[in-house]
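Participant: Have a look at the structure that comes next, please.
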Amino acid sequence: MQNMLTVISNVLRGSASKNGAQAVSEGTRVVVSARTYADFTPQATFDIKKCDVHRLEEGPPLQAVLTREEGLKYYRTMQTMRRMELKADQLYKQKIIRGFCHLYDGQEACAVGIEAGINLTDHLITAYRAHGYTLTRGGTVREIMAELTGRRGGIAKGKGGSMHMYTKNFYGGNGIVGAQVPLGAGVALACKYQGRNELCVTLYGDGAANQGQIFETYNMASLWKLPCIFICENNKYGMGTSVERAAASTDYYKRGDFIPGLRVDGMDVLCVREASKFAADHCRSGKGPILIELQTYRYHGHSMSDPGISYRTREEIQEVRSKSDPISMLKDRMLSNNMASVEELKEIDVEVRKEIEDAAQFATTDPEPPLEELCNHIFYNEPPMEVRGTNPWMKLKSVS
């Protein structure tokens with residue numbers, strides 16, 4: 001009899017506990033749905049990884065302050081980049097995008113962090129992995145996707161493609177390995193010559209870091225104390241060759257020798273932002289150029305013809321995704337510090353997906369540029385001129 005009473009008591013207690021949990025759960029659901037902005041932490045301070053320094057007494061701070069608004073903005077931009085690149089991959093495999101195409105997924109913290117540390121009035125030039133920077137410099141997803149498909153609504157009128165996108169204070173998108181570096185120093189020289197308190201961010205990859213023209217540029221930039229931030233995006237592989245097999249010294253931040261350098265965790269948007277601010281202050285104070293090495297990682301292959309797994313393992317890629325993904329890192333920080341809710345971030349994800357789908361629809365339905373516009377914009381602000389076509393009797397007109 002005693003045993004039977006014990007069993008009944010336990011059953012009733014379990015039922016009450018279950019009903020109580022349901023009540024709490026329902027109450028929590030109501031509270032979550034009714035949360036206001038006042039319920040969230042407006043800002044938080046995070047410890048960030050210490051930068052390695054070269055010819056500097058001290059580096060960027062070891063803590064970074066992030067506001068809720070900044071966090072949501074960074075999250076949205078990085079998610080937009082990620083989804084845009086995945087859509088580009090899909091369209092390429094459907095043969096809607098053709099030609100060269102280099103995807104940026106995995107490296108989003110570099111572009112977003114750099115932009116957060118400089119001004120839109122500053123200047124930026126990069127290599128051919130340029131979709132992310134086109135977005136942060138002011139291009140729209142529609143313009144970028146339409147450029148990839150070669151349509152009139154593209155950011156370069158459909159004539160540049162993946163490697164040649166431009167917008168205000170953004171000089172591409174350059175296809176020749178390392179050739180954008182001396183151009184960036186030229187832009188920095190213009191900033192100094194014209195007396196504007198501006199700088200030029202000049203980006204290149206670890207594969208281009210062994211180019212002779214880069215060392216020539218270091219020398220001139222240092223001699224003339226140009227306001228130039230040289231940034232090496234070290235994603236561990238130059239095409240299919242690991243940095244260890246390509247460079248006698250993989251300390252890219254020391255390559256400037258007489259130029260101060262920083263080595264930064266390029267997977268952490270806050271690390272990149274603080275390093276960029278530090279470098280910008282260095283340049284604006286008249287101290288000349290500075291070099292940053294961003295240690296980052298690309299998830300796709302070098303280009304669309306590279307599956308990306310013949311020189312590295314799937315396990316290596318998956319390990320980086322699981323431990324160092326820039327979007328996941330920011331998301332975890334915000335959620336663990338009550339700076340956003342899971343529902344709010346999911347809502348952003350839905351909005352981003354819709355924006356990408358709308359852009360892809362536009363990029364596949366917008367008309368291609370007509371032949372008569374092929375030679376337009378060869379020169380700026382010049383009267384119309386004739387351009388010879390592929391044979392002597394084919395004449396085209398160029399309009400500025």
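Participant: For residue 167, which sequence-distant residues (separation of 5 or more, or a different chain) have an amide H within less than 5 Å of its own amide H, given hydrogens modelled in the peptide plane?
Facilitator: 172
Participant: Ranked highest first by average number of other Cβ atoms within 10 Å, how do 38-44, 360-366 line up? Can you show the working numbers first?
Facilitator: Numbers: 38-44: 12.9, 360-366: 17.4.
Going from most to least packed, we get 360-366, 38-44.
Participant: Rg (Å, one decimal) plus Dmax (Å, integer) for the alpha carbons of segment 260-330?
Facilitator: 15.7, 46
Participant: Please work out the average accessible area per residue across the chain, using the 1.4 Å probe convention, and give it in Å². Spell out each step's value before the answer.
Facilitator: Values: 20170 Å² over 400 residues.
On a per-residue basis, the chain sits at 50 Å².
Participant: If I take R0 = 41 Å and measure r between the Cβ atoms of residue 47 and residue 386 in this structure, what FRET efficiency does the formula 1/(1 + (r/R0)^6) give, to the nearest 0.05? Don't skip to the answer; put the middle values down first.
Facilitator: On the way: r = 63 Å, r/R0 = 1.54.
So, using R0 = 41 Å, E works out to roughly 0.05.
Participant: Testing the spin-label approximation: label points 7 Å from Cα along Cα→Cβ at residue 377 and residue 397. State their distance in nm.
Facilitator: Reported label-point gap for residue 377 and residue 397 is 1.9 nm.
Participant: For the chain, what % of the accessible area comes from carbon and sulfur atoms, probe 1.4 Å?
Facilitator: Values: 10880 of 20170 Å².
Roughly 54 percent of what the probe reaches on the chain is carbon or sulfur.
Participant: Check cross-link reach from residue 254 to the aspartates and glutamates: straight Cα distance under 18 Å, and skip same-chain residues fewer than eight apart.
Facilitator: 52, 57, 58, 206, 216, 233, 244, 265, 293
Participant: Among all the aspartates and glutamates, which ones have a C-alpha under 19 Å from residue 168's C-alpha, if same-chain residues fewer than 8 places away are not counted?
Facilitator: Leaving aside aspartates and glutamates fewer than 8 places away in the same chain, those within reach of residue 168 are 115, 122, 143, 147, 198.
Participant: When only Cα pairs under 8 Å and 6 or more residues apart are kept, what is the percent relative contact order across the chain? Let's see the in-between values first.
Facilitator: Details: 730 pairs, mean separation 77.9, N = 400.
Value for the chain: 19 percent.
Participant: Residue by residue through segment 377-389, what is 3J(HN,Hα) from phi via Karplus (6.51 cos²θ - 1.76 cosθ + 1.60, θ = phi - 60°)? Round to whole Hz and write x for glycine and proline.
Facilitator: Once θ is set to phi - 60°, the couplings for segment 377-389 become 6, 5, 10, 9, 6, 10, x, x, 9, 8, 10, 6, x Hz.
Participant: Comparing 262, 120, 203, which has the greatest mean-square fluctuation in the GNM of the chain with Cα pairs linked when under 10 Å apart?
Facilitator: Checking each option, the largest mean-square fluctuation is seen for 120.
Participant: How many nm separate the modelled label positions at residue 319 and residue 55, each set 7 Å beyond the Cα in the direction of the Cβ?
Facilitator: That separation, rounded to one decimal, is 3.5 nm.
Participant: To make sure I understand the rule: partners must be lysines, Cα under 24 Å from the Cα of residue 397, and not fewer than 8 residues away in the same chain. Which ones qualify?
Facilitator: 157, 159
Participant: For segment 117-191 and segment 329-400, what is the separation of their C-alpha centers, rounded to whole Å?
Facilitator: So the two Cα centres are separated by 11 Å.
Participant: Moving to a separate point now. So for 162, 285, what's the accessible-area order with a 1.4 Å probe, most first? Present the calculation step by step, with values, prior to reporting the outcome.
Facilitator: Details: 162 5, 285 70 Å².
Final ranking, largest accessible area leading: 285, 162.
Participant: With θ set to phi - 60° and the Karplus curve 6.51 cos²θ - 1.76 cosθ + 1.60, what are the ³J(HN,Hα) couplings of segment 68-81 in order, to the nearest whole Hz, using x for Gly and Pro?
Facilitator: Residue by residue, segment 68-81 yields 4, 4, 4, x, 5, 5, 4, 4, 4, 5, 5, 5, 4, 4 Hz.
Participant: Also, I was wondering about something else. Using 14 Å as the cut-off for backbone N distance, which residues of segment 143-184 belong to the label zone defined by a point 7 Å from the Cα of residue 224 along Cα→Cβ?
Facilitator: 181-184
Participant: Students often get this wrong: which residues of segment 344-382 have the backbone nitrogen under 17 Å from the point 7 angstrom along Cα-to-C-beta of residue 159?
Facilitator: Taking a point 7 Å out along Cα→Cβ of residue 159, the residues of segment 344-382 whose backbone N falls under 17 Å are 367-382.
Participant: With r as the distance between the Cβ atoms of residue 336 and residue 179 and R0 = 30 Å, compute the FRET efficiency 1/(1 + (r/R0)^6) and round to 0.05.
Facilitator: Once rounded, the FRET efficiency stands at 0.10.
Participant: Pop out the ³J(HN,Hα) list for segment 177-191 in order, Karplus 6.51 cos²θ - 1.76 cosθ + 1.60 with θ = phi - 60°, rounded to Hz; leave Gly and Pro as x.
Facilitator: 4, x, 5, 6, 5, x, 5, x, 5, x, 5, 5, 5, 4, 4
Participant: Per 0.36 nm of contour for each residue apart, how much would the distance between residue 216 and residue 196 grow if the chain were fully extended, relative to their Cα-Cα spacing? Present the calculation step by step, with values, prior to reporting the outcome.
Facilitator: Details: separation 20, 0.36 × 20 = 7.20 nm, distance 2.47 nm.
That works out to 4.7 nm of additional length.
The values are calculated or read from the model by the stated rules, or taken from the named source; none is laboratory data. As the structure is a computational prediction, the values presented were derived from the model and not from experiment. FYI the Cβ positions are ideal-geometry reconstructions off the backbone, even for glycines, and counts take in every protein chain you see. Side chains are part of the model used for accessible areas, which takes the heavy atoms of the whole protein and leaves out ligands, DNA and RNA. Shrake-Rupley method; radii C 1.70, N 1.55, O 1.52, S 1.80 Å.
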